[in-house]
Amino acid sequence: MSEKKKTFGSPSSSLPNIKTDFSEWYNYVVYKAELADHAPVRGCIVIKPYGYALWEEIKKILDKKIKDTGHENAQFPLLIPEAFLTKEADHIEGFAPELAVVTHAGGKKLDEPLVVRPTSETIIHYMFAQWIKSWRDLPMKINQWANVVRWEMRSRPFLRTTEFWWQEGHTAHETADEALLEAKTMLTEYIDLAQNYLAIPVVAGKKSESEKFSGADTTFTFEGLMQDGKALQMGTSHIISQQFAHAFEIKFQNRQGTESYPFLTSWGATTRLIGALIMTHGDEKGLIIPPKIAPCQIIIIPIFHKSMANHEILAAAEKVEDLLKESGLRIKIDRDSESSPGAKFYQWELKGVPLRLEIGPRDINEAVVIFTNRITGAKKKVAWGDLKDFAHEELDTIQKMLFDRALKKRAEKWHKREKLTDFAKDLEEKGGFYQTGWCQSRECEAILKEHKASTRCLIEEKTFDTCFNCNAPSVTDVIVARAY
Ligand SMILES: [Zn+2]
């Protein structure tokens, strides 16, 4: 390899095999595709510009959905009085081990410690109590884009980090039915984001009592199945327990003129979605980003050659770039004239750009460009006059291919099995989703721990008469898997 190629990482540390070394493959892609970098504080990551641009594309879609469904964005403080966290028993019990607490500031010990928000229910409910006085103030529908801190002992970039970025929606309603509708509406919006933008098929349903959010009556989840057979919780939507409204004294005068407590929800999705798309779509060449959320949908590689001056080749590349940009595509030219085309192809494939466009002296003379599809590697010569149509159609095709391919892979790993004894071995060795019956007792659920697995969600199907573990009747089907 030439010296120049070394700028893409030392040649000896090549991309690990995705099939045999998934975990190493994941780390390599995160760092070498320049999504993130290591931070000096353990458990934290730096999101690099390419990774952040990807997050911004996801945010753009989700923020529009949040606003279109009647919510407004606001910003609440990073620091929360520690006493707020202790007001709701389940909430503090769930979060206590993960809290970062500020005890000193301004050069002295604080009278009252402050916690760095692990989530913002408490501070937002405190404010709701002051803002909600009458049924006319309801529903109150607020969203916050923020960072939160949950101390992590074992971190993995984008999947589990001490500090992460997310949106958290918090709403208050007059009736329980309205709160249920809200939680389900936002779950539906998340599913649309996952499937129609991130191209990740998901299964959605309720969490079990032991898996739900600390302080929720009901938690809805949507989960993807990663290529290594492990489930990934991609986001949640909760109906918050009435104890919160009582603890924070959020009271309002109802339509009958008497005092009521509102019904609350919260829902969130995080930078973990980036981890989900890496693990769903990646291949032996690296990342593949679905076109709808790719920060760069087409990378133009000018093929420099002595038969034509570099500036002439670049001028033609810019003309092509302008044409495609006009039609609303996100596009970039790799202007580096030092690296070889091969090294550039390698790097942009690793970064998962869905379409590559090459243009060199011969193409310029013929008024054509060469497109390469990131998934199939298929090349196509396209005349300048057909550029826009071809690019849009091919990106649509890639978006669809990614979803179909992920759906097919999931189908191969989604099994219906009657008894744990039938699937325990496969569950441990091969992973996958196991759809089975469950009596909904904690005792039967706890057995799954012995196989490093858990219930992921209850689904609205009933295939089995009895529980996977005991002979009691099954209430509904449940998805069992090992999970991140
Ligand atoms: Zn049972």
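What distance in nm lies between label points placed 7 Å from Cα along the C-beta direction at Lys416 and Ile447?
Reported label-point gap for Lys416 and Ile447 is 2.1 nm.
Computed over the Cα atoms, what is the radius of gyration of segment 414-481 divided by 2.2 N^0.38 Å, N being its residue count?
0.95
What does the charge add up to near Phe244, with Lys and Arg as +1, Asp and Glu as -1, over the other residues with Cβ less than 12 Å from its Cβ?
Overall, the nearby charge balance is -4.
Lysine pairs in segment 193-337 with Cα distance under 18 Å, only those 8 or more apart or on different chains: how many are there?
The result is 4.
In whole Hz, with x marking every Gly and Pro, tabulate ³J(HN,Hα) for segment 61-71 from phi via Karplus 6.51 cos²θ - 1.76 cosθ + 1.60, θ = phi - 60°.
5, 5, 4, 5, 4, 4, 6, 5, 9, x, 9
Considering all projection directions equally, how large on average is the shadow of the alpha-carbon convex hull of segment 186-312, in square nanometres?
That works out to 13.7 nm², a quarter of the Cα hull's surface.
So how much slack lies between Lys108 and Val46, counting 0.36 nm per residue of separation and subtracting their Cα-Cα distance, in nm?
Full-extension gain reported as 19.3 nm.
Starting from the Cα-Cα distance between Glu326 and Ala383, subtract it from 0.36 nm times their residue separation and give me the gain in nm to one decimal.
This chain segment gains 18.8 nm when fully extended.
Taking the simple approach of a point 7 Å from Cα along Cα-to-Cβ for both Asp426 and Asn147, what is their distance in nm?
Calculated label separation equals 4.4 nm.
Return the aspartates and glutamates within reach of Lys19: Cα separation strictly under 13 angstrom, same-chain partners fewer than 8 residues apart disregarded; answer none if there are no such residues.
Cross-link targets: Asp228, Asp283, Glu284.
Quickly rank 234-241, 144-151, 98-105 as a protection proxy: mean count of other C-beta atoms within 10 Å, highest first.
Put in order of decreasing packing, that is 234-241, 144-151, 98-105.
Quick one: what does P(r) look like for segment 99-175 with 10 Å bins over all Cα pairs, in whole %?
16, 34, 30, 17, 3
Report the Cα centroid-to-centroid distance between segment 183-208 and segment 389-415 in angstrom, as an integer.
Comparing the Cα centres of segment 183-208 and segment 389-415, I get a distance of 17 Å.
Tell me which residues come under 5 Å, amide H to amide H, from Thr466 once H is placed; ignore anything under 5 positions away on its chain.
Close amide H contacts, sequence-distant or interchain: Ser474.
Starting from the Kirkwood radius over alpha-carbon pairs of segment 8-281, derive D by Stokes-Einstein at 4 °C in a medium of 1.567 mPa s and give it in µm² s⁻¹.
Translational diffusion coefficient: 65 µm²/s.
Can you give me the orientation-averaged projected area of the convex hull built on the Cα atoms of segment 291-402, in nm²?
Dividing the Cα hull surface by four gives the mean projection, 6.4 nm².
In what sequence do Val368, Val41 fall when counting other Cβ within 10 Å, fewest first?
With the sparsest Cβ surroundings first, the list reads Val41, Val368.
Pull up all non-local amide H partners of Leu99: gap of 5 or more, or a different chain, and H-to-H distance under 5 Å with H placed in the peptide plane.
For Leu99, whose amide H was placed from the backbone, the distant partners under 5 Å are Trp151.
Please arrange Trp25, Trp267, Trp131 by how many other C-beta atoms lie within 10 Å of their C-beta, fewest to most.
Lowest count first: Trp131, Trp25, Trp267.
Rounded to two decimal places and with Rh computed the Kirkwood way over Cα pairs, what is Rg over Rh for segment 206-277?
That ratio equals 1.16.
Using Cβ contacts closer than 10 Å as the measure, can you line up Thr265, Thr476, Thr436 from fewest to most?
Thr476, Thr436, Thr265
What FRET efficiency would be calculated for the residue pair Glu209, Glu284, taking the C-beta separation as r and a Förster radius of 41 Å, to the nearest 0.05?
FRET efficiency, Glu209 to Glu284: 0.50.
Sum -39500 (n - 2.57) across every DSSP H segment of at least 4 residues in the chain, then divide by the residue count to get the 222 nm mean residue ellipticity, nearest 500.
That comes out to -10500 deg cm²/dmol.
With charges set only on the Cβ (+1 for Lys and Arg, -1 for Asp and Glu), what does the dipole of the chain come to about its Cα centre, in debye to the nearest 20?
1080 debye
Taking the Cα of Lys400, stepping 7 Å toward and past its beta carbon, and measuring to each backbone N in segment 373-387: which are under 19 Å?
Flagged as within label range: 373-380.
Grab the other residues whose beta carbon is less than 14 angstrom from that of His451, score K and R as +1, D and E as -1, and report the net.
Neighbour charge sum, excluding His451 itself: +3.
Can you give me the Cα centroid spacing of segment 66-125 and segment 21-48 in angstrom?
28 Å
Report the full-extension gain for the segment Lys408 to Ala315: residue separation times 0.36 nm, less the Cα-Cα distance, to one decimal in nm.
Extra length available between Lys408 and Ala315 comes to 29.2 nm.
How much net charge surrounds Ser208 when only the other residues with a Cβ under 11 Å from the Cβ of Ser208 are counted, with Lys and Arg +1 and Asp and Glu -1?
Its environment carries a net charge of +2.
With each label point set 7 Å from Cα along the Cα-Cβ vector, what nm distance links Asn471 and Trp131?
It is 5.6 nm.
Report the dimensions of the chain along its three principal axes from the alpha-carbon atoms, largest first, rounded to Å.
Projected onto its principal axes, the Cα set of the chain covers 83, 57, 47 Å.
If only Cα atoms are counted, what is the Rg of segment 376-431, and what is its Dmax, in Å?
19.9, 62
Every number here is computed from the coordinates shown, using simple stated rules; none is lab data. Here the structure is a predicted model, which means the values were calculated and not measured. Because the Cβ atoms are built from the backbone with ideal geometry, glycine has one as well, and the counts that use them run over all protein chains shown.
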